[in-house]
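S.K.: Dropping the structure in here first, questions after.
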Amino acid sequence: MTTEVAEPTEPPNGVDRAGWRELAVVLLGPALGVFVAWVVLNSFVLPAVGYPKDAARVIAISQMLDQHGGKSAAYVIGNSVGVEGIDAAIVEEVAGGDWAVRNISCNGLGFVTIRAMLPKILRTDVGTIFLVVGPREIDVVHPPHPDRAYALAIGGFVGDASGQEFEALREWVDEGVLATMYASDRESKLHFRLAPLNIFNEKIRAYLRGGLRSMRADEWVAPYELAISISGRRLDRHLEETGRTVDEAIRSEDRSGARLLREIASLIHNSGTRLILVVPGLHPSLGERAAPLRQELAALCEELSEQYGAEVVDLTGHLQSEWWADAVHLNEDGRRGLSESLGRSLGGSRD
């Protein structure tokens, strides 16, 4: 009897080529999908749609700083109070001379974000910095919103993670936030993969709220958004909400904001840049309620004046009720009044 020997069904080396092909499809398919998604996001979506407005503003500030600066430049830096309250054209007009004033304030721009941005700002050899300070900001320091943190990385405000600035910022934020601020370009842009949806949500909220105008990210003259002043019950509610945050700040024993403001003032002073602290205060209806904070801030400003030569434009209590759009922000009349005061300060003597 003859025994037939079956032909081998596997390659001599024992490798199942069909299995490898299936494995390659499983592994390479998702990787290729991620790569294509990254190319679409980086090459089409973000250039066409852009970033959410506050992140776009931070990135635009960095791009502006790459092109401008010098001793004739004066930058206004602050949060939404600076955005709404200062018109750079009016400041220039009143100051006279060859000043080039730019309002680079941004909504939600806290002291930590300003501290991260400051080295690049000072490298422009800027002549004067107007730093807008509110009474509640001397309380606890808050980390930047993730959008603004990633925007700092995209804008190139932070450098090498092994550098001196990295260690300086470590005192004010935890490792997670720090990692976000120093994220790679790829990681930062992936964070904004939902940018179209976020921008759409921003537009819907603005429409429902009403009374807001659209602001370009690179608007350096009058970047205000509030086009109306609220009144009646709506103003009463905002006054009460703001009053509660004032009460919390008064009760708090955390004054990390004051410590960080001292550090910021020291950096500006050591660079040879003129520092003018701008204190618009709050709506006059909150005057008595905010008095303890106002006194603390006044004492801190005096300290910074003596130690670092900071000048102070304190208009607390000098801006009439009709000049306020709400409990915190100035309207058109208030913006003119504050801007004229800054122009007189800029055009005056340091002495």
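The values are calculated or read from the model by the stated rules, or taken from the named source; none is laboratory data. Worth saying up front: this structure is predicted, and the values here are computed from it rather than measured. Please note: Cβ atoms are built from the backbone with ideal geometry, for glycine as well, and neighbour counts cover all protein chains shown.
S.K.: Out of segment 98-151, which residues are farther than 21 Å from residue 253 by Cα, crowded, with 23+ Cβ neighbours inside 10 Å and either without any contact (Cβ under 8 Å) to a residue 12 or more places away in the chain or in contact with an Asp or Glu (Cβ under 7 Å, 6 or more places away or on another chain) (or both)?
M.R.: Matches in segment 98-151: 101, 106, 148.
S.K.: Six or more apart or on different chains, Cβ under 8 Å: which pairs go from a residue in segment 70-86 that's polar (S, T, N, Q) to one that's part of a strand (DSSP E or B)? Could you list them?
M.R.: 72/100; 79/132
S.K.: Follow-up question, since we're still on this one. Quick check: anything in segment 153-162 under 18 Å from residue 264 (Cβ atoms) and either modelled with pLDDT of 95 or more or within 17 Å of the chain's Cα centre (by Cα) (or both)?
M.R.: Yes - at least one qualifying residue is present in segment 153-162.
Yes/no matrix, rows are residues, columns are (1) hydroxyl-bearing (Ser, Thr, Tyr); (2) surrounded by fewer than 19 Cβ atoms within 10 Å (Cβ to Cβ); (3) closer than 18 Å to residue 77 by Cβ; (4) in contact (Cβ under 8 Å) with a residue 40 or more places away in the chain:
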residue: 256; (1), (2), (3), (4): yes, yes, no, yes
residue: 263; (1), (2), (3), (4): no, yes, yes, yes
residue: 279; (1), (2), (3), (4): no, no, yes, yes
residue: 317; (1), (2), (3), (4): no, yes, no, no
residue: 331; (1), (2), (3), (4): no, no, no, yes
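S.K.: Scanning segment 215-245 for residues that are under 22 Å from the mean Cα position of the chain (by Cα) and β-branched (Val, Ile, Thr), which turns out nearest to residue 296 (Cα to Cα)?
M.R.: 245
S.K.: Right, another one. Based on what the data block shows, is residue 344 farther than 17 Å from residue 82 by Cβ, in contact (Cβ under 8 Å) with a residue 12 or more places away in the chain and of a type in the set (D, E, K, R)?
M.R.: Here the answer is yes, as residue 344 does meet what is asked.
S.K.: Would you mind stating whether residue 158 is outside any helix (DSSP H, G or I), closer than 21 Å to residue 272 by Cα and of a type in the set (A, V, I, L, M)?
M.R.: So residue 158 does not fit the description; no.
S.K.: Might you let me know whether segment 243-253 holds any residue that is in a helix (DSSP H, G or I) and surrounded by 18 or more Cβ atoms within 10 Å (Cβ to Cβ)?
M.R.: If we filter segment 243-253 for residues that are in a helix (DSSP H, G or I), which is where we start, we get 243-251.
Next, from what is left, pick out any that are surrounded by 18 or more Cβ atoms within 10 Å (Cβ to Cβ): 246, 249.
Yes, segment 243-253 contains a residue that is in a helix (DSSP H, G or I) and surrounded by 18 or more Cβ atoms within 10 Å (Cβ to Cβ).
S.K.: Something else: Within segment 236-254, does at least one residue satisfy the condition of being touching a residue at least 60 places away in the same chain (Cβ under 8 Å), of a type in the set (Val, Ile, Thr) and touching an Asp or Glu at 6+ places or on another chain (Cβ under 7 Å)?
M.R.: Among the residues of segment 236-254, not one is touching a residue at least 60 places away in the same chain (Cβ under 8 Å), of a type in the set (Val, Ile, Thr) and touching an Asp or Glu at 6+ places or on another chain (Cβ under 7 Å), which makes the answer no.
S.K.: Right, next: When segment 128-151 is examined, which residues are found to be of a type in the set (Asp, Glu) and within 18 Å of residue 243 (Cβ to Cβ)?
M.R.: Answer for segment 128-151, where residues must be of a type in the set (Asp, Glu) and within 18 Å of residue 243 (Cβ to Cβ): 137, 139.
S.K.: Out of all the residues in segment 89-97, is one or more acidic (Asp, Glu), more than 20 Å from residue 342 (Cα to Cα) and buried (at least 21 other Cβ atoms within 10 Å of the Cβ)?
M.R.: no
S.K.: Inside segment 308-340, can you point out the residues that are under 20 Å from residue 290 (Cβ atoms) and among the small types (Gly, Ala, Ser)?
M.R.: Narrowing segment 308-340 to residues under 20 Å from residue 290 (Cβ atoms): 312-331, 334, 337-338.
Listed by number, the residues that qualify are 317, 321, 325, 327, 334, 337.
S.K.: Scan segment 108-124 for residues that are part of a loop (DSSP other than H, G, I, E, B) and not basic (Lys, Arg) and jot them down.
M.R.: 108, 109, 110, 124
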